[in-house]
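J.: Take this structure first; my questions come after.
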Amino acid sequence: FKTCPGRVLCKVPCSGEKEVDLAVQSAKAAFKIWSQMSGMERCRVMLEAARIIREQRDEIATMETINNGKSIFEARVDIDVSWQCLEYYAGLAGSLAGEHIQLPGGSFGYTRREPLGVCVGIGAWNYPFQIACWKSGPALACGNAMVFKPSPFTPISVVRLAEIFTEAGVPKGLFNVVQGGAATGQFLCQHPDVAKISFTGSVPTGMKIMEMAAKGIKPVTLELGGKSPLIIFSDADLENAVKGALMANFLTQGEVCCNGTRVFVERKILDSFTKEVVKRTQKIKIGDPLLEDTRMGALINRPHLNRVQGFIKQAKEQGAEVLCGGDLYVPDDPKLKNGYYMHPCVLGNCKDDMTCVKEEIFGPVMAILPFDTEEEVVERANATKFGLAGGVFTRDIQKAHRVVAALKAGMCFINNYNVSPVELPFGGYKSSGFGRENGRAAIEYYSQLKTVCVEMGDVESVF
């Protein structure tokens, strides 16, 4: 692989209805084998897959950087999170169990936690390999098979994950990959042998997937967009708050669904915070994502870059002030001249009703908004259709817990941001979706509960 900004890396044929059916039938056959294995047997195979990923970390991270455009530094973190995810669910696989309930007269009942069958995973282009592990980890641990469709913008690295699962010893076809766009996704969602759908992506696409799933009474997990608030109180550690704001806005070129892009700053420290954020933002190293010191790579494609630029133009027209960045970045290296680079942007003089504050930009654009009171900022923070994440920076721990309890968001951070260990559930409120990925909570969404009632005496009949 070499960095090839603006050039075609490979061409992948889209899977049509026939290919989707073949993938589902293959997964269905593998499910019969995998679901009959003990949890400990599944655990050993998943641990082997995690080991392979860990050993090939640098190679897979390089592939992911070329696949997506993010810095190699970040891609390595993504791959570490991926193998940790498989290890975590491997550990849970052997402990999945129901419960025994004693009933009168020696009778009893028990519950069985059973797999669903063939699950569909539909991934996004910002974390291609990691999302595939987040979805396949709990699915496989529970005994399911999975057919996964990556974004057509990032089709490469998930194929490597499928190869790794095969090398680790899963039954042939247990984790299948199909390629394509909306039509392929529709074939998957409407397939009668698909038991569950897990989707990461935009709200409009999530709505369509939910509609299609409803016709087959299929459970769904939707991890959708966000316009998350980051609240910085005047008593916060300023240095830490600035670092948190950068983490909340500029990871993966700002292409992160849970980013805290509405940065509410208590008016007492607005000037000092803004000055420091602008200074740090201007120092972010942009360029070749395969270089070790690069901290911001290229956006995913030209249409998305143009879209982000359009938001900034509209923000200026509506009265926001561009404090830094927002313009295109042209690297000195001639081989990078066609890359989709831009300077990270900080917007000041923002108002709650501006488009740049209300809509998800999904790019490196931070909007700073002043506030005066805790009650006011909580109300403003919640005044959005989204509810994926939220963050609070303060030295007052009682206030921190009080504010996150009031935020209508599924993932909240106190004095940090964008820290998502696999042990903790991840998912949103409101239009940001429902269901959870990661943690023990994900087991609930990849399994079903069967209740068995055993009568030890004669049947009590009213007839």
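Every read-out reported here was derived from the displayed coordinates using simple, explicitly stated rules and does not represent laboratory data. Bear in mind the structure is a predicted one, so any value in this text is a computation, not a measurement. Reconstructed Cβ throughout: ideal geometry from the backbone, glycine too, with neighbour counts over all protein chains shown.
J.: Please identify the trypsin sites (Lys or Arg not before Pro) of region 338-392 that satisfy two criteria: DSSP loop assignment and at most 16 other Cβ atoms within 10 Å. Which are they?
T.: Answer in residue order: Lys351, Lys385.
J.: Find the Cα radius of gyration of the chain, compare it with 2.2 N^0.38 Å by division, and give the number to two decimals.
T.: 1.04
J.: Between Ser272 and Lys337, what is the FRET efficiency for a Förster distance of 60 Å, r being their Cβ-Cβ separation, to the nearest 0.05?
T.: E(calc), rounded to 0.05, equals 0.95.
J.: Let me ask something else. Would you compute, for the Cα atoms of region 229-414, the largest minus smallest coordinate along each principal axis and list the three values in descending order, in whole Å?
T.: Taking the Cα atoms of region 229-414, the three principal extents are 53, 32, 30 Å.
J.: Going Cα to Cα from Lys285, which lysines come in below 23 Å? Please leave out same-chain ones fewer than 8 positions away.
T.: Cross-link targets: Lys2, Lys70, Lys243, Lys275, Lys335, Lys337.
J.: Provide the packing ranking of 87-95, 192-200, i.e. peptides ordered by the mean count of other C-beta atoms within 10 Å per residue, highest first.
T.: Peptide ranking by packing, descending: 192-200, 87-95.
J.: In degrees from 0 to 90, rounded to the nearest 10, what is the angle of the helix 238-250 Cα long axis to the longest principal axis of the chain?
T.: Value to nearest ten degrees: 70.
J.: What is the Å³ per residue value for the convex hull set by the Cα atoms of region 17-225?
T.: 127
J.: Counting only helical runs of four or more DSSP H residues, what would the 222 nm mean residue ellipticity of the chain come to if each run contributes -39,500 (n - 2.57) and the total is spread over all its residues?
T.: Value at 222 nm, helices only, nearest 500: -12500 deg cm²/dmol.
J.: Using modelled backbone amide H atoms (1.01 Å from N, in-plane), which distant-in-sequence or interchain residues come within less than 5 Å of Cys345's amide H?
T.: Gly326, Val365, Met366
J.: How big is region 312-463 on each of its three principal axes, counting only the C-alpha atoms and giving the largest first in Å?
T.: Extents along the principal axes, in whole Å: 83, 48, 33.
J.: Next question. For region 229-414, give me the percentage of DSSP beta bridges that are antiparallel, rounded to the nearest 5 percent.
T.: Among the beta bridges of region 229-414, antiparallel pairing accounts for roughly 15 percent.
J.: How far apart, in nanometres, would the label points at Val12 and Gln186 be if each is projected 7 angstrom from Cα along the Cα-to-Cβ direction?
T.: 2.1
J.: When DSSP assigns beta bridges and you keep just the ones with both residues in region 17-225, what percent turn out antiparallel, to the nearest 5?
T.: Of all bridge pairs located within region 17-225, approximately 15 percent are antiparallel.
J.: To continue, here is another question. Relative to the longest principal Cα axis of the chain, at what angle does helix 72-93 sit, 0 to 90 degrees, rounded to 10?
T.: 20
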